[in-house]
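These notes are about the structure you will find just below.
The values are calculated or read from the model by the stated rules, or taken from the named source; none is laboratory data. Keep in mind the model is a prediction, meaning the values are calculated, not measured. Ideal geometry is used to build each Cβ from the backbone, glycine not excepted, and the neighbour counts take in all protein chains shown. For the accessible areas, the whole protein counts, side chains as well, though only heavy atoms, and no ligand, DNA or RNA atoms are used. Shrake-Rupley method; radii C 1.70, N 1.55, O 1.52, S 1.80 Å.
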Amino acid sequence: MNLRRQIAVTVAAVSILVALSVGLLVHQASVNQHVGQARTAAENALRTVLDYDDRTGDVPKNWWNAAVDDPALPQALRGLAQQKHLASLPAAGPGGTSRMWAAAPGPNDQVISIWIDYTQDQRAIADLDRSIALSAALSVLVTVLAGVLVAHRISRRLRTAARTARTIAQGDLGARIGSLGRARDEVAELAAAVDSMSAVLSSKLANEQRFTADVAHELRTPLTGLLTAAELLPPGRPTELVQDRVRVLCRLTEELLEVSRLDAGAERPELSRVPLGPMLRRILPESVRLEVRADAEVTTDPRRLDRVVGNLVANAERHGAPPVLVTVDGTVVTVRDHGPGFPDEVLTDGPQRFRTGARERGHGHGLGLTIAQGHAAVLGVRLTLANHPDGGAQAQLVLG
């Protein structure tokens with residue numbers, strides 16, 4: 001049950017409880033008032049009859065339906081009178097009428113009683129109950145509608161905040177919730193807190209990207225000189241080792257610059273219409289097997305697509321096991337190796353720079369998949385990483 005329904009149900013339950021409580025209190029007060037007035041009238045009438053009986057020794061039959069040992073007298077009231085009590089009691093009469101009886105002990109263990117009509121009081125109580133029920137139903141309806149309206153407005157504002165938070169979580173740190181058009185309340189405070197968090201994260205990420213780009217840029221010049229100097233060393237195994245490590249450092253520096261450009265969102269694709277199968281045949285090394293099940297023309301940036309597929313193939317060759325198979329099925333390109341597959345953290349959290357996952361996946365800087373993912377985002381291509389049911393890592397590109 002969502003928040004809107006919870007608030008609506010809570011408001012409805014509280015409204016019904018309040019309406020029932022107030023209705024019962026009003027009903028009971030009305031009953032007590034009518035019964036009390038009728039009892040007072042009946043008991044006063046009985047005392048008048050008893051005074052008359054004391055003076056004359058006779059009960060007036062035409063006064064308030066007075067009688068001696070009336071057979072219609074309720075037994076409970078008769079018992080009280082026989083115990084020397086003057087008491088009164090409402091009871092049902094013939095034909096759906098109501099009576100208020102009063103009885104007292106008379107001479108020779110007799111019971112003198114009177115009754116007055118109580119039907120109008122019962123009808124007044126019934127009319128009041130109907131009015132209470134109608135008023136309670138209307139008040140509950142109005143309260144529930146008001147609660148639903150308030151809950152809808154709160155829920156709509158919270159959904160806006162949640163939608164913006166998901167946008168921020170997906171990488172758009174420029175998204176903001178805003179004021180939501182309301183005064184300063186708890187929801188507005190939540191929105192302000194999320195906006196503040198997004199601004200801080202955006203600033204920290206920008207500083208990180210700037211630092212990475214500055215470091216990589218500053219390293220390019222000395223590394224270029226170091227590579228040139230390494231080329232001048234006399235031939236030999238030590239020279240080969242030095243040149244290999246310098247090339248690795250140069251490649252790492254270029255990859256860091258590329259990652260910083262992708263993170264900054266400064267890359268723009270240069271689109272053109274190309275046939276997918278022939279393009280992949282030109283760029284794939286001979287060690288990779290290409291299978292074209294259904295060729296298609298796609299609108300893409302050939303240079304970036306070359307970078308994406310090349311990084312996926314390089315990752316498969318470095319961390320997987322042969323054969324490496326590239327399959328083209330329409331606008332879907334699949335790169336699969338037959339190694340141990342992607343580690344669980346890569347499948348769960350996605351590619352992480354400078355993290356290659358499990359030890360059996362080999363060594364590296366963890367930037368290849370990160371760069372492939374960045375270029376895929378620039379191209380608007382969906383890149384999915386998974387493990388094949390028969391073993392091996394599988395990366396799938398959906399271009400259309």
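The smallest convex shape that holds all Cα atoms of the range 53-110, its convex hull, gives 86 Å³ per residue.
In units of the compact-protein estimate 2.2 N^0.38 Å, the range 1-48 shows a Cα radius of gyration of 2.14. Here the range 142-206 yields Rg over Rh of 1.10, to two decimals, using C-alpha coordinates and the Kirkwood radius.
Potential lengthening of the chain between A229 and E254 amounts to 7.1 nm, from the contour at 0.36 nm per residue minus the alpha-carbon distance. Scaled against the 2.2 N^0.38 Å expected of a compact globular protein of N residues, the Cα radius of gyration of the range 14-80 reads 1.72. Rounded to the nearest Hz, the phi-derived 3J(HN,Hα) couplings of the range 290-299 under the Karplus curve 6.51 cos²θ - 1.76 cosθ + 1.60 (θ = phi - 60°) are 10, 10, 9, 7, 8, 7, 7, 8, 10, 9, where x marks glycine and proline.
When S88, S21 are compared by accessible surface with a 1.4 Å probe, the order from highest to lowest is S21, S88. If R0 is 30 Å, the Cβ-Cβ spacing of A321 and A296 corresponds to a FRET efficiency of close to 0.55. When the alpha carbon gyration tensor of the range 22-179 is reduced to an equivalent ellipsoid, the three semi-axes, largest first, read 68, 13, 11 Å. Surface composition of the chain: carbon and sulfur make up 56 percent of the accessible area, probe 1.4 Å.
Above 39 angstrom, tally the Cα pairs of the chain and express them as a % of all pairs, no decimals. Roughly 57 percent, once rounded to a whole number. By the Cα gyration tensor, the range 85-148 has an equivalent ellipsoid whose semi-axes, rounded to whole angstrom, run 44, 12, 6 from largest to smallest. Comparing D185, D329, D390 in a Gaussian network model of the chain (Cα springs below 10 Å), the most mobile by mean-square fluctuation is D390.
Computed extension length for S131-K84: 12.8 nm, one decimal, from 0.36 nm per residue of separation with the Cα-Cα distance subtracted.
In the frame of its principal axes, the range 210-338 has Cα extents of 51, 37, 22 Å, reported largest first. Rolling a 1.4 Å probe over the protein chains gives D127 an accessible area of about 80 Å².
Of the whole protein surface, K61 contributes about 130 Å² of accessible area at a 1.4 Å probe radius.
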